[in-house]
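Below is one structure, written out as structure tokens; comments come after it.
The values are calculated or read from the model by the stated rules, or taken from the named source; none is laboratory data. Given the structure is predicted, the values throughout are model-derived calculations rather than measurements. Cβ placement follows ideal geometry from the backbone for every residue including glycine, while neighbour counts extend to all protein chains displayed. Accessible surface is based on the protein model in full, side chains and every heavy atom, while ligands, DNA and RNA are left aside. Shrake-Rupley method; radii C 1.70, N 1.55, O 1.52, S 1.80 Å.
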Amino acid sequence: MAARETPPGACPQCWQHAYDKSIHRKLKPGEDCQPCLDHMHNGHPYLVPKKKSS
Ligand SMILES: [Zn+2]
Ligand SMILES: [Zn+2]
């Protein structure tokens with residue numbers, strides 16, 4: 001199954017976690033997702049660049 005392409009301006013990791021629920025389903029109840037927490041506190045290290053329309 002091919003992952004949905006990350007839209008411009010979005011973080012690939014956060015997009016993947018939001019789109020693929022199975023990633024968070026592996027977490028124990030009450031356990032936080034470390035990659036998501038890291039981006040929440042420190043920001044996203046990489047965002048997909050927006051394509052110029054012209
Ligand atoms: Zn992110
Ligand atoms: Zn996550």
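Looking only at segment 14-54, which residues are of a type in the set (D, E, K, R) and open to solvent by 80 Å² or more (accessible area, probe 1.4 Å)?
Answer for segment 14-54, where residues must be of a type in the set (D, E, K, R) and open to solvent by 80 Å² or more (accessible area, probe 1.4 Å): Lys21, Arg25, Lys26, Lys28, Glu31, Asp32, Lys50, Lys51, Lys52.
Return the residues of segment 35-54 that are hydroxyl-bearing (Ser, Thr, Tyr) and either within 16 Å of ligand 2 (Cβ to nearest atom) or on the phi > 0 side of the Ramachandran plot (or both); say none if nothing qualifies.
Tyr46
Could you please give the count of residues in segment 1-45 that are assigned to a loop (DSSP other than H, G, I, E, B), under 12 Å from the mean Cα position of the chain (by Cα) and of a type in the set (Asp, Glu)?
Going through segment 1-45 one residue at a time, the tally reaches 2.
Anything in the chain that is touching a residue at least 40 places away in the same chain (Cβ under 8 Å), away from ligand 1 (no atom under 12 Å from the Cβ) and in contact with a Lys or Arg (Cβ under 7 Å, 6 or more places away or on another chain)? List them, or say none.
Pro8
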